[in-house]
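Structure first, commentary second.
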Amino acid sequence: MAAGGCLLLLLLPSLVTASHSPPGCKIRITSKGLDLVKQEGLRFVEQELQNITVSDLHGSEGQFQYNISQVKVTDLQLAFSDLNFQPQQHLVFNISNASISLRFRRQLLYWFFYDIGSINASADGVHIYTVLQLAKDEAGRLKISNMTCNASIARMHAGFSGTLRKVYEFLSTFIVTGMRFLLSQQICPSLEHASLVLLNSLLDTVPVRNYVDEHIGIDYSLLRDPSITTDTLELDFKGMFFPRVREDQELENHAVEPVIKETERMVYVAFSEYFFDSAMHSYFQAGVLTIELQGEKVPKDLEVLLRATFFGTIFMLSPSVDTPLRLVLQVSAPPRCTIKPSGTSVSVSAFLNISLVPPDRPPVQLSSMAMETKLSAKVFLQGKALRVQLDLRRYGWGPMGAWGESPPHPTHNCLLLCSFRIYSKQSALESLALFSLQAPLKTLLQLTIMPIINERTKKGVQIPLPEGMDFTREVVTNHAGFLTVGADLHFSKGLREVIEKYRPVPTAAAYSSSQPAEPSLDPSSL
């Protein structure tokens, strides 16, 4: 028994780690962001309530028979509403003291008098209290998993006109009471459909696992249910890239977990070093971190220097001065990202092979050298796409004054020193001979290689937000081991517009069956 207890204690740390994997990406929505969602959500609720379908109302009282049909909502006044966070997984939407104006068709038969027309009615003191439970589904997508709703109507009255007005007013209690009951019974089903069907279709537009380009993809699946406090909602995403040639590949996350403390902006998105490391690891696994320059693609100044450096070897192997050179730069290990408060850098190790390519003959290698460099990384948003721009220039300020051509934008936080060195894989003596190539090769990287790499990553990767919601006033802030993007939000598209875009097209049969039947004008049908 004691041995079993010891074994359990030994396994406990691994079980805790497995149940709480650190996220590569974390999103925090603050109460300010919720206020914006409330404004758009209120418009959506109004549209849904205006489409309420109320069943026909039939009845009789002595010789009086009535049929109420074609009930339509003509106006809504939702003066008091609120949307709040409720720990641990809920959003509470409360509407109080609202009013709903109705118009419906009447058919009345009293002895031998038959009358048709319309009636205007008003429901006042409408209270609606809904609680939405948020959770991740089996695919790791955020969903509204459950909804509870309570709706009540304090008062309802109808205005009558026509020759039988006195009769209507006498019997209005039956009509108004029935209409009040039917209307209150339709509010919650309408909002339930809006939440569990329509709003969930909007959440389906959030990217979960999709391709970034022809080489890699991104996994934004939720690791766990959302965490909600009274002021914030936080979502932990896996935030892992994968190579498309091996989509089931998992890269273990040992990075620091992002911790978001700010609440001033509407939304904060945090990315750990793991997020960027998995992207570079995936590109490495896809075998695309190789660049080849040959012939005219080799800068002329560098070509002259290389031919001078390896003159003896070139003359012995191929006396022809027209034999083209080929440079192959191949990353030898997955690059690593380091995020510090002072900036973001990427460490890269690579091999540079320099060869002669004589016509109709196998290539002849002149040199194979190792390269180690630390690149500065500018991380910024463009729309909803997170982009990274790499640079080899040295930014910073030291005792001797300014370094580099120009300091980067202050919100990019990339003030750091870039390093670069080359050495021979064969001998220290050859490394010494290659020293004169260090500055030209660094220039080659900055002016030729870096634009190629930045062009490949120009598209960036989309941040997991629903369609129609965009960032404004973004600010990037570096921390130890992760960075955050603080921003405000705005709706470029309304909820209704996005939902209608992805709403399934109903069949003709379904459409016809959902329409209310036209009331009969024949008194005998009453």
Rounded FRET efficiency, nearest 0.05, which uses the C-beta distance separating THR173 from ASP225 and R0 of 41 Å | 0.25
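Can you give the relative contact order of region 31-204 as a percent, counting alpha carbon pairs under 8 Å and 6+ residues apart?
Reported as a whole number, the value is 19 percent.
In whole percent, and with a 1.4 Å probe on the protein chains, what portion of the accessible area of region 31-204 is carbon and sulfur? Please report the intermediate quantities before stating the final value.
Details: 4260 of 8560 Å².
Its accessible area is 50 percent carbon and sulfur atoms.
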Treating only the Cβ atoms of Lys and Arg (+1) and Asp and Glu (-1) as charged, compute the dipole magnitude of region 31-204 about its Cα centre; round to the nearest 20 debye.
-> 240 debye
Expressed in nm to one decimal, what extension gain is obtained for the pair GLU264 and ARG103 from 0.36 nm per residue of sequence separation less their Cα-Cα distance?
-> 53.4 nm
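If R0 is 56 Å, what FRET efficiency do you get for ASN454 and PHE80 from their C-beta distance, rounded to 0.05? Kindly include the intermediate steps, with their values, before the conclusion.
On the way: r = 52 Å, r/R0 = 0.93.
E between ASN454 and PHE80, to the nearest 0.05, is 0.60.
Please identify the chymotrypsin sites (Phe, Trp or Tyr not before Pro) of region 68-117 that satisfy two criteria: DSSP loop assignment and at most 11 other Cβ atoms within 10 Å. Which are they?
Passing both the DSSP loop test and the Cβ count: TRP111, PHE112.
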Give me Rg over Rh for region 31-204, both radii from the alpha carbons and Rh done the Kirkwood way, two decimal places.
-> 1.09
How many nm is it between the label spots at SER492 and HIS157, if each spot is 7 Å from the Cα in line with the beta carbon?
-> 5.0 nm
With each label point set 7 Å from Cα along the Cα-Cβ vector, what nm distance links ALA439 and ALA308?
-> 1.1 nm
Taking a crude spin-label model, label points 7 Å out from Cα along the C-beta direction, the GLU247 to TYR129 distance in nm is 4.7 nm
Provide the net charge surrounding GLN133, with neighbours chosen by a C-beta distance below 10 Å and charges set as Lys +1, Arg +1, Asp -1, Glu -1.
-> 0
Neighbour net charge for THR484 - beta-carbon separation under 11 angstrom, K R +1, D E -1 | +2
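Step through the table entries LYS238/LYS493; LYS26/LYS493; LYS26/LYS384; LYS340/LYS459, compare each Cα-Cα distance with 22 Å, and write down the pairs that go over it. Walk me through the numbers before you get to the answer.
Values: LYS238/LYS493 27 Å; LYS26/LYS493 24 Å; LYS26/LYS384 15 Å; LYS340/LYS459 25 Å.
Table pairs above 22 Å Cα-Cα are LYS238/LYS493; LYS26/LYS493; LYS340/LYS459.
The values are calculated or read from the model by the stated rules, or taken from the named source; none is laboratory data. None of these values were measured; they are calculated from a predicted model. Cβ: placed from backbone, ideal geometry, glycine included. Neighbour counts: every protein chain shown. The accessibility values were calculated without ligands, DNA or RNA, using every heavy atom of the protein model including side chains. Shrake-Rupley method; radii C 1.70, N 1.55, O 1.52, S 1.80 Å.
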